[in-house]
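What follows is a short report on a single structure.
Derivation of every value follows stated rules applied to the coordinates shown; laboratory data play no part. Note that the structure is a prediction, hence the values are computed from the model and not measured. Neighbour counts run over all protein chains shown; Cβ positions are idealised from the backbone, glycine included.
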Amino acid sequence: MVEIPIDILPIVNEQETVDRLAILAKPRLTSLLRLRGVTHVYDQTEGALNSRVTQDGSELILEKLKRASQPYRHIERFLSDEKVMQYIVGPGLLPIVTALSKDILGKRLLVTRKMAARDDDKGVIGYIDGFGVRIMMYFDETAGETIVEWNCLYGVL
């Protein structure tokens, strides 16, 4: 019997691909985002832009939505263990982490929330556990590319 290395096994479907991206992205997100002096609260309930959260007696409006989108022609070329972090996860997380890092400067509280489905959602969706970052992947017929979109709904106080 010939053993096939796990990094070259084909991904069975798009949902498994997005779920794998979410699992791989969580440690990278926590290593990039430095939350020194800032309390992070993750609200698991689904919400939309301008939804409200009450935390420690203060009402906070989740008025920030950061979105990063990446097009890939033949995305399967980038799904191996050697390439997925460098070409998909890293470039997807960097704009989110940059926005969060700038917005939490001088603040004491960061609240993230799982994003509710929107009418214009396409494809498959996954979430980074404990953070509210949503990963959506779909095929754009017009461009002939697979789009990986990263979103984070948050507010700071």
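Could you state the angle between the C-alpha long axis of helix 14-32 and the longest principal axis of the C-alpha atoms of the chain, as a value from 0 to 90 degrees rounded to the nearest 10?
Tilt of helix 14-32: around 50 degrees.
Put one equal scatterer on each alpha carbon of the stretch 110-149, apply the Debye formula with no solvent term, and list log10 I(q)/I(0) at q = 0.18, 0.27, 0.34, 0.35 1/Å to two decimals.
Taken in order of the listed q values, log10 I(q)/I(0) reads -0.55, -0.94, -1.17, -1.20.
Within the chain, what's the longest stretch lacking trypsin sites (Lys or Arg not before Pro) that sit in DSSP loops with no more than 12 other Cβ atoms inside 10 Å? Before the final figure, lay out the partial values.
Numbers: sites that count: R34, R36, R73, R108, R118.
It works out to 119-157.
Quickly estimate the mean residue ellipticity at 222 nm for the chain, helices only: each DSSP H run with n ≥ 4 gives -39500 (n - 2.57), and the total goes over all residues, rounded to 500.
On the way: 3 runs with 38 residues, N = 157.
Taken over the chain, the calculation gives -7500 deg cm²/dmol.
Per 0.36 nm of contour for each residue apart, how much would the distance between Q44 and K102 grow if the chain were fully extended, relative to their Cα-Cα spacing? Don't skip to the answer; put the middle values down first.
Details: separation 58, 0.36 × 58 = 20.88 nm, distance 2.36 nm.
Once the chain is fully extended between Q44 and K102, it gains 18.5 nm.
What nm distance separates the two modelled labels at E14 and L65, each placed 7 Å from Cα along Cα→Cβ?
2.0
With 23 Å as the cut-off, how large is the P(r) tail for the stretch 4-96, expressed as percent of Cα-Cα pairs?
Counting every Cα pair in the stretch 4-96, those more than 23 Å apart make up 41 percent.
For the chain, what is the Kirkwood hydrodynamic radius in Å, using each pair of distinct C-alpha atoms?
Details: mean 1/r = 0.0604 Å⁻¹.
Averaging 1/r across every pair of different Cα atoms and inverting gives 16.6 Å.
Over the residues of the stretch 47-113, compute the C-alpha Rg and express it relative to 2.2 N^0.38 Å.
Details: Rg = 16.2 Å, N = 67, 2.2 N^0.38 = 10.9 Å.
The stretch 47-113 yields a ratio of 1.49.
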